[in-house]
1. Do you know which residues across region 86-108 are closer than 21 Å to residue 40 by Cα and small (Gly, Ala, Ser)?
2. Could you tell me which residue of region 335-391 is nearest to residue 123 (Cα to Cα), considering only residues that are hydroxyl-bearing (Ser, Thr, Tyr) and either at pLDDT 95 or above or assigned to a helix (DSSP H, G or I) (or both)?
3. Quick one: in region 230-281, of everything that is part of a helix (DSSP H, G or I) and β-branched (Val, Ile, Thr), which residue is farthest from residue 184 (Cα to Cα)?
4. Inspect all residues belonging to region 178-186 and state whether any of them is of a type outside the set (A, V, I, L, M, F, W, C), within 22 Å of residue 138 (Cα to Cα), open to solvent by 10 Å² or more (accessible area, probe 1.4 Å) and modelled with pLDDT of 95 or more.
5. Would you check if there is a residue in region 16-34 being in contact (Cβ under 8 Å) with a residue 24 or more places away in the chain, among the polar types (S, T, N, Q) and crowded, with 19+ Cβ neighbours inside 10 Å?
6. What pairs come up if the first residue lies in region 93-119 and is under 19 Å from residue 135 (Cβ atoms) and modelled with pLDDT of 95 or more, the second is outside any helix (DSSP H, G or I) and of a type in the set (Asp, Glu), and their beta carbons are under 8 Å apart, counting only those six or more places apart or on different chains?
7. Go through (1) assigned to a loop (DSSP other than H, G, I, E, B); (2) in contact with a His (Cβ under 9 Å, 6 or more places away or on another chain); (3) open to solvent by less than 10 Å² (accessible area, probe 1.4 Å) for residue 286 and report which single condition fails.
8. Kindly indicate the residue of region 242-256 that is closer than 15 Å to residue 217 by Cβ and in contact (Cβ under 8 Å) with a residue 24 or more places away in the chain and also surrounded by the most Cβ atoms within 10 Å (Cβ to Cβ) among those meeting that condition.
Amino acid sequence: MRIAIVKEEARLEPRVAASPDTVKRYVGLGATVVVASGAGAASGIGDSDYEGAGASVVADNAAAVAGADIVLAVRRPEASALTGANKGALVIAIADPHGHEAALGEIAGTGVSLFAMELMPRITRAQVMDVLSSQANLAGYRAVIDASSEFGRAFPMMMTAAGTVPAARVFIMGAGVAGLQAIATARRLGAVVSATDVRPAAKEQVESLGAKFIAVEDEEFKQAETSGGYAKAMSAEYQAKQAALTASHIAKQDIVITTALIPGRPAPKLVSADMVASMKPGSVIIDLAVERGGNVEGAVPGEVVTTANGVKIVGHLNVPGRLAATASQLYAKNLYAFVETLVDKGSKALAVKWDDELVKATLLTKDGAVVHPGFRPAEPAAAPAEGASAA
């Protein structure tokens, strides 16, 4: 069993799919681990660290992938990068399948089985494999650190001989994993924190962290959560009521952090240009959803925009990657926990249980086809039987 760790080629991707610790564990499973030279450099992991853990370091990705049974990556590799992998090899990554059906088809054509780690079901046995949570947790933390860097004032209230410094007022929009970590981090720094979310369960979580919950709590609000724990898309009427409440609240805030995402859809617009214009000069907005279209009107992916009224709108890309060493460490453990379920420990060989709920939920391509029901191409309409009349 040969496991390849590739060097990421995507722009702005400093993370890596394995740590020295997980390399040791793969070797313990009976695997030969091959790492492309420089794969961990941006995460503070040198080639010698991998070699010390039992891996072989090779010149490049092509050499790593050649003869591989498993290819581990952070982002979905291009189909051309999988040339040389064994037939039926497992490729495991954050596959970003929504809207990339053509790329999935190309990967299917290589004959590999592609798994999307972000489709891992949110069930108890898969918690240790939940890459969305591990990476979002870091994004929420980093968002507050980035906000403090851009904000020209202190976060906590300070009483000094020269006068009292008021605490910063921080508003978190979206209280999922990233939002809750942002609340906790802002509170640790001494800010006065408030938060909003359309999911009723979030109210107790927000308040347990010492923040004030802001929402229109009507009947629609009480039904605004899917069985998987994600936020539902809300009606236009509810959005209008929530926007009015949010607008009055945002005008009083120093920092706003938006985290709202709906799987498979563009990010919902939460902060309008008028809301931004109502904020004080020097205020900061961090848009964690900027890669999916953004929650904030005026946010630009990869840029910090300063508006005419002096508000900074921060649109950093790949925020977990801004903590590459920690993000890689956690992502590597997520991957190992999943790979471990695909290996027979007795024979030390691959033994994928294709009917396992984790496999079925994450498997995108197999045997030359896109097999996931959410991304499988639609069947062509059957031709009418000969002699049948048109309706």
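1. 93, 95
2. Going through region 335-391, the residues hydroxyl-bearing (Ser, Thr, Tyr) turn out to be 336, 341, 347, 362, 365, 389.
Filter once more, so that each one left must be either at pLDDT 95 or above or assigned to a helix (DSSP H, G or I) (or both): 336, 341, 362, 365.
Numbers: 336: 17, 341: 15, 362: 13, 365: 23 Å.
Checked region 335-391; the qualifying residue nearest to residue 123 (Cα to Cα) is 362.
3. It comes out as 276.
4. The initial filter retains those residues of region 178-186 that are of a type outside the set (A, V, I, L, M, F, W, C), namely 179, 181, 185.
From what's left, within 22 Å of residue 138 (Cα to Cα): 179, 181, 185.
With the extra rule that they be open to solvent by 10 Å² or more (accessible area, probe 1.4 Å), the set shrinks to 181.
Restricting the remaining residues to those that are modelled with pLDDT of 95 or more gives 181.
Checked region 178-186: at least one residue is of a type outside the set (A, V, I, L, M, F, W, C), within 22 Å of residue 138 (Cα to Cα), open to solvent by 10 Å² or more (accessible area, probe 1.4 Å) and modelled with pLDDT of 95 or more.
5. Initially, region 16-34 is screened for residues in contact (Cβ under 8 Å) with a residue 24 or more places away in the chain, giving 16-27, 29-34.
Going one step further and asking which of them are among the polar types (S, T, N, Q), we end up with 19, 22, 32.
Now narrow it down to the ones that are crowded, with 19+ Cβ neighbours inside 10 Å: 19, 22.
The answer is yes; a qualifying residue exists.
6. 116/96; 118/96
7. Failing condition for residue 286: (1).
8. The initial filter retains those residues of region 242-256 that are closer than 15 Å to residue 217 by Cβ, namely 242, 244-246, 249.
Keeping just the survivors that are in contact (Cβ under 8 Å) with a residue 24 or more places away in the chain gives 242, 245-246, 249.
Details: 242: 20, 245: 13, 246: 22, 249: 18.
Here the residue is 246.
The values are calculated or read from the model by the stated rules, or taken from the named source; none is laboratory data. This is a predicted model, so every value here is computed, not measured. A quick note on method: Cβ atoms are made from the backbone with ideal geometry, for glycine too, and the neighbour counts reach across all protein chains shown. Accessible surface is based on the protein model in full, side chains and every heavy atom, while ligands, DNA and RNA are left aside. Shrake-Rupley method; radii C 1.70, N 1.55, O 1.52, S 1.80 Å.
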